[in-house]
Amino acid sequence: MVLGRKGRAALAALLVVALIAAVAPAVLAGNNPAAPYNLKVGTPDSSSTGCLRLTWNVDQPSLVSAFRVYRSEGPESGFKQVYSDTVDMTSGKLMDHFDSGLKSGATYYYKVALVGKSGKVTGTTDVARGTLRAKTAATPGGYPGKHIIISIYDQRIYFLENDVLVKSHLCSTGVDSKPTPTGVFSIQWHAPLCISEKYGGAYCYWWMNFAPDTGMHALPYNPGSGTWAGASLLGHKASHGCVRQSYNDAKWAYDWTPDGTRVDVSALHWEAPPPPPAPASGGSASEGISKASTDWYLAEGCTSGTFDEYVLMMNPNAAAANVTASFMKPDGSVVNGSYVVPALSRYTVHVDNVGGLDNTEVSTKLHSDQPITAERSMYFKDYKGKDGGTCSAGASATSTEWYLAEGYTGGDFDEYILALNPGDSDGTVHIKYMLPGGRNVDRDYAIKAHSRLSVHVDDVPELASTDVSAKVTCEQPIVVERAQYFNYYGKNDGNASTGITTPAKKWYLAEGYTGGDFDEYVLIQNPGDTATKANVTFMCSDGVNVKRSYDLAARSRFSIHVDEIPELANKEVSTQVDAKANVIVERSMYFVSYGRDGGADAPGVSEAARFWYLAEGYTGGDYDTYVLVMNPNDTASKVDISFLKPDGTQVGTSFSVAAHSRYTVHVDAIQGLTDAEFATALTGEKPVICERAMYFSFPKQ
């Protein structure tokens, strides 16, 4: 076909139109991204404001100028735009958004759309659903004990706990054109990763949101180049408003900070207050009491200086107990008191607050119209440079003969023997000190009626720097206890233990540990006139039993350093001692437990029993209470425990203790016993042994 000039011109025009028609859609498509896809809705690590995290994928991030988020409370209709933001990404296919301020436990439905460079809105994602965790929000603007201060002037973050600075590190806050907001905020939610679509699609790890679109996070990471931005700018303003930190510092802050923690952002310099004195710390241990009694005696006690003394009473009966107390001083004077211990409860007497007992050494006698149990605890600061606490079970009867297996006067140890004479007649206390190898030293001390006697064992010249056990006798019925204050390789504390009136061939110790920075010793006193042998079985919590035999000289003291037995390294362990003759057994431990250094001591018990009582127990503050149970039987035993609170309420638990093994109950971990005073009543299906250990620290003011 041949066309004229006009025809050729018309055809050219048609071709141009066709070409434009063919090219224009491609040009328009090239300025708009494909619709987003793979929308997922979940919860961040945690949230105090009700928050859901949305993530979705894009194929052409460089064509996206903005994104829009639509939300509804139903899956079919009612979607409204709830958020929109600009995008400036050249690589990466993942985008996200955090939708906060939502109702706890509610379900929401979402769609996301993209806006291309041309301004055209793409299609939306499929609908995705998210449900918030049902939880109580943390208190906005505050979390007990923790506080964060961000100083823009210093370009530094300060982390405080109970107003004590625990850490600080450099940061980068917003540049002057995009400043970090100042004021008082709180951490709203945690997420291990946020994506900064507005600023290049950088990954912001360990994000903690504290203001709208503003958080604390690690230095931005470029997933395309695999590089971290701004490390050299820490200590200088460098961000778009967020607070940047090094990766490791950001991870530490993320783990340390709960939702709701108060955050102060200030333009001013901030000066950390001087730290308070290091807290006093220590531990105590006490054997269980297998039989309640109407009478109890506590030889040790002090309200002088920085000593705080408490008498703890446990009433396991269904009726209230009426208790009279006689507090006896060294000069023979007596202060009386009366107390009502409600049924099935624990009662505490702060002896320092009893009129007439300020600044004195004191022993205590209790008499009740119901069988009860009693203990005494003391806490002290700066006693000869030592801080800590002690606890001891009372004695239910007086005796003319007492034994103390433990004792030491070497190094920075101070040992005291305390005697209580509750009777109407004066007496003479005779102490036979028994040293390793069989050497003995004898001393006599006068004791008044209705009084308390203190003997500083270190003052006996022949007893300088030695292990020592003691046999204490008196023609008057008395009660004897031993207290020690020490610094053992940097671990300073005290311990106290009531003496034993009757030697026996078999002894049990429920507590014991050789792991970490714990040192355990088993002390055996042979008060007899002939040498003998002790067979010792160490029963571990994993069922392993280790046996050893030891020779005991006559009238002597013997020490077993349990940590030095290779098979017992890093073990929880109970101990059974079977001797060929009557002996006395105690256990002492020195430790660092979660930063709390100290030591504890408790005498053994000579008989297993089905029922045990512990008057003391506390889980508040930085106190940890453990109940230790030893099963020496050939078969497992079920054990039931009731924890009795001061208001008469009870919390119970049950467990099984394997044969020839030891079991540990961390009372702080039991629901309903957080921040509680309590006493413990234990019942075993078979005869078992029970003990309590406590580790603590308290402010040193």
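Would you be able to tell me the number of residues in the range 452-482 that are crowded, with 22+ Cβ neighbours inside 10 Å and in a strand (DSSP E or B)?
Residues meeting the conditions: 12.
When you scan the range 272-289, how many residues do you find that are of a type in the set (Ser, Thr, Tyr) and under 20 Å from the mean Cα position of the chain (by Cα)? If you could, list the steps in order and put the result at the bottom.
Taking the range 272-289 and keeping what is of a type in the set (Ser, Thr, Tyr), we get 281, 284, 286.
Subsequent filtering for residues that are under 20 Å from the mean Cα position of the chain (by Cα) retains 281, 284.
Qualifying residue count, the range 272-289: 2.
What is the number of the single condition among (1) among the basic types (Lys, Arg); (2) modelled with pLDDT of 50 or more; (3) not in a strand (DSSP E or B) that Arg53 does not meet?
The one condition Arg53 does not meet is (3).
For residues in the range 143-171 being on the phi < 0 side of the Ramachandran plot and modelled with pLDDT under 90, which is surrounded by the most Cβ atoms within 10 Å (Cβ to Cβ)?
Across the range 143-171, the extreme among qualifying residues is Tyr143.
Which one of these does Glu375 not meet: (1) in a strand (DSSP E or B); (2) under 24 Å from Asp444 (Cα atoms); (3) in contact with a Leu (Cβ under 6 Å, 6 or more places away or on another chain)?
(2)
Hey, Lys111 hits all of (1) under 21 Å from Tyr254 (Cα atoms); (2) modelled with pLDDT of 95 or more but one; which does it fall short on?
Only one criterion is unmet by Lys111, namely (1).
Would you check if there is a residue in the range 567-588 being in a helix (DSSP H, G or I), over 20 Å from Asn495 (Cα atoms) and in the same structural domain as Val651 (by TED's automatic domain parsing)? Walk me through it before giving the result.
At the first step, the residues of the range 567-588 found to be in a helix (DSSP H, G or I) are 567-568.
This time we only want the ones that are over 20 Å from Asn495 (Cα atoms), so: 567-568.
Those still in the list that are in the same structural domain as Val651 (by TED's automatic domain parsing) too: 567-568.
Yes; the residues of the range 567-588 include at least one that is in a helix (DSSP H, G or I), over 20 Å from Asn495 (Cα atoms) and in the same structural domain as Val651 (by TED's automatic domain parsing).
Return the residues of the range 335-351 that are out of contact with any Pro (no Cβ under 8 Å at 6 or more places or on another chain) and surrounded by 18 or more Cβ atoms within 10 Å (Cβ to Cβ); say none if nothing qualifies.
Gly337, Val341, Val349, Val351
Only residues in the range 267-289 that are within 30 Å of Pro687 (Cβ to Cβ) count as the first member; pair them with residues that are acidic (Asp, Glu) and in a loop (DSSP other than H, G, I, E, B), Cβ under 9 angstrom, at least 6 apart or cross-chain, and list the lot.
Between residues of the range 267-289 that are within 30 Å of Pro687 (Cβ to Cβ) and residues that are acidic (Asp, Glu) and in a loop (DSSP other than H, G, I, E, B), the close pairs are Ser284/Glu616; Ala285/Glu511; Ser286/Glu616; Glu287/Glu511.
Out of the residues in the range 634-649 meeting the condition of being polar (S, T, N, Q) and touching a Gly at 6+ places or on another chain (Cβ under 9 Å), tell me which one is nearest to Ile689 (Cα to Cα).
To start, the set of residues in the range 634-649 that are polar (S, T, N, Q) comprises 635, 637, 642, 649.
Narrowing further to those that are touching a Gly at 6+ places or on another chain (Cβ under 9 Å): 637, 642, 649.
Details: Ser637: 11, Ser642: 16, Thr649: 25 Å.
That would be Ser637.
Mind listing whichever residues of the range 496-507 are crowded, with 24+ Cβ neighbours inside 10 Å, of a type outside the set (A, V, I, L, M, F, W, C) and in a strand (DSSP E or B)? Outline the logic, then answer.
Here is the first cut: in the range 496-507, the residues crowded, with 24+ Cβ neighbours inside 10 Å are 496-500, 507.
Imposing the further condition that a residue be of a type outside the set (A, V, I, L, M, F, W, C) reduces the set to 497-499.
Scanning the range 496-507 gives Ser497, Thr498.
Any residue at all in the range 2-15 that's among the β-branched types (Val, Ile, Thr), modelled with pLDDT under 50, out of contact with any Leu (no Cβ under 8 Å at 6 or more places or on another chain) and part of a helix (DSSP H, G or I)?
Initial filter on the range 2-15 (among the β-branched types (Val, Ile, Thr)): 2.
So of that shortlist, the ones also modelled with pLDDT under 50 come out as 2.
Restricting the remaining residues to those that are out of contact with any Leu (no Cβ under 8 Å at 6 or more places or on another chain) gives 2.
Going one step further and asking which of them are part of a helix (DSSP H, G or I), we end up with none.
Checking the range 2-15: not a single residue is among the β-branched types (Val, Ile, Thr), modelled with pLDDT under 50, out of contact with any Leu (no Cβ under 8 Å at 6 or more places or on another chain) and part of a helix (DSSP H, G or I).
From Val480, Val457, Val441, Val468, grab the single residue that is over 20 Å from Ser588 (Cα atoms) and aliphatic (A, V, I, L, M).
Result of the check over Val480, Val457, Val441, Val468: Val441.
Rundown of residues vs (1) buried (at least 21 other Cβ atoms within 10 Å of the Cβ); (2) more than 30 Å from Arg596 (Cβ to Cβ); (3) assigned by TED's automatic domain parsing to the domain that holds Asp442, yes/no style:
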residue: Gly490; (1), (2), (3): no, no, yes
residue: Gly494; (1), (2), (3): yes, no, yes
residue: Glu511; (1), (2), (3): yes, no, yes
residue: Val522; (1), (2), (3): yes, no, yes
residue: Lys533; (1), (2), (3): no, yes, yes
residue: Met539; (1), (2), (3): yes, no, yes
residue: Leu552; (1), (2), (3): yes, yes, yes
residue: Arg557; (1), (2), (3): yes, no, yes
residue: His561; (1), (2), (3): no, no, yes
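Evaluate the range 265-276: report whether one residue or more is at pLDDT 95 or above, farther than 21 Å from Val164 by Cβ and polar (S, T, N, Q).
Looking through the range 265-276, none of the residues is at pLDDT 95 or above, farther than 21 Å from Val164 by Cβ and polar (S, T, N, Q).
Each row is one residue, and each column tells you yes or no for (1) under 15 Å from Thr473 (Cβ atoms); (2) surrounded by fewer than 22 Cβ atoms within 10 Å (Cβ to Cβ); (3) among the charged types (D, E, K, R).
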position	(1), (2), (3)
Tyr383	no, yes, no
Glu401	yes, yes, yes
Tyr408	no, no, no
Asn440	yes, yes, no
Asp444	yes, yes, yes
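For the range 635-684, how many residues are hydrophobic (A, V, I, L, M, F, W, C) and either under 19 Å from the mean Cα position of the chain (by Cα) or over 17 Å from Asn317 (Cα atoms) (or both)? It would help to see each step written out before you state the result.
Taking the range 635-684 first, the residues hydrophobic (A, V, I, L, M, F, W, C) are 636, 639, 641, 643-644, 651, 655, 657-659, 665, 667, 669-670, 673, 676, 678-679, 681-682.
So of that shortlist, the ones also either under 19 Å from the mean Cα position of the chain (by Cα) or over 17 Å from Asn317 (Cα atoms) (or both) come out as 636, 639, 655, 657-659, 665, 667, 669-670, 673, 676, 678.
Count: 13.
For every residue, the table says whether it meets (1) out of contact with any strand residue (DSSP E or B) (no Cβ under 8 Å at 6 or more places or on another chain); (2) at pLDDT 95 or above; (3) closer than 20 Å to Ala393 by Cα; (4) among the small types (Gly, Ala, Ser).
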{"site": "Ala581", "(1), (2), (3), (4)": "no, yes, no, yes"}
{"site": "Tyr594", "(1), (2), (3), (4)": "no, no, no, no"}
{"site": "Pro632", "(1), (2), (3), (4)": "no, yes, no, no"}
{"site": "Thr635", "(1), (2), (3), (4)": "no, yes, no, no"}
{"site": "Lys645", "(1), (2), (3), (4)": "no, yes, yes, no"}
{"site": "Ser656", "(1), (2), (3), (4)": "no, yes, no, yes"}
{"site": "Arg662", "(1), (2), (3), (4)": "no, yes, no, no"}
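Does Tyr310 satisfy being at pLDDT 95 or above and touching a helix residue (DSSP H, G or I) at 6+ places or on another chain (Cβ under 7 Å)?
Details: at pLDDT 95 or above: yes; touching a helix residue (DSSP H, G or I) at 6+ places or on another chain (Cβ under 7 Å): yes.
Yes; evaluated as a whole, the condition is true for this residue.
Please note which strands (runs of 3 or more DSSP E) are completely contained in the range 75-118 and include at least 3 residues that are of a type in the set (Val, Ile, Thr).
On the way: elements: 80-86, 94-99, 107-116.
Output list reads 107-116.
For Asp259, are the conditions met, namely being acidic (Asp, Glu), farther than 21 Å from Thr182 by Cβ, in a helix (DSSP H, G or I) and in contact (Cβ under 8 Å) with a residue 24 or more places away in the chain?
Details: acidic (Asp, Glu): yes; farther than 21 Å from Thr182 by Cβ: yes; in a helix (DSSP H, G or I): no; in contact (Cβ under 8 Å) with a residue 24 or more places away in the chain: yes.
So Asp259 fails the test.
Enumerate the pairs (first residue in the range 484-495 and hydrophobic (A, V, I, L, M, F, W, C); second residue anywhere and part of a strand (DSSP E or B)) with beta-carbon separation below 6 Å, excluding pairs fewer than 6 apart on the same chain, so at least 6 apart or on different chains.
Note: pairs meeting the criteria are Phe486/Phe413.
Kindly check whether there is at least one residue in the range 609-617 that is hydroxyl-bearing (Ser, Thr, Tyr), in a strand (DSSP E or B) and within 17 Å of Arg662 (Cα to Cα).
Within the range 609-617, the subset hydroxyl-bearing (Ser, Thr, Tyr) is 613.
In the following step, the residues that additionally are in a strand (DSSP E or B) were identified as 613.
Restricting the remaining residues to those that are within 17 Å of Arg662 (Cα to Cα) gives none.
Within the range 609-617 (the criterion being hydroxyl-bearing (Ser, Thr, Tyr), in a strand (DSSP E or B) and within 17 Å of Arg662 (Cα to Cα)), the answer is no, since none of the residues qualifies.
When you go through (1) in contact with an Asp or Glu (Cβ under 7 Å, 6 or more places away or on another chain); (2) not in a strand (DSSP E or B) one by one for Asn322, which number turns out not to apply?
Condition (2) is where Asn322 drops out.
The values are calculated or read from the model by the stated rules, or taken from the named source; none is laboratory data. These numbers were taken from a predicted model, which means no experiment stands behind them. Counting neighbours? That spans all protein chains shown, and the Cβs are built from the backbone with ideal geometry, glycine included.
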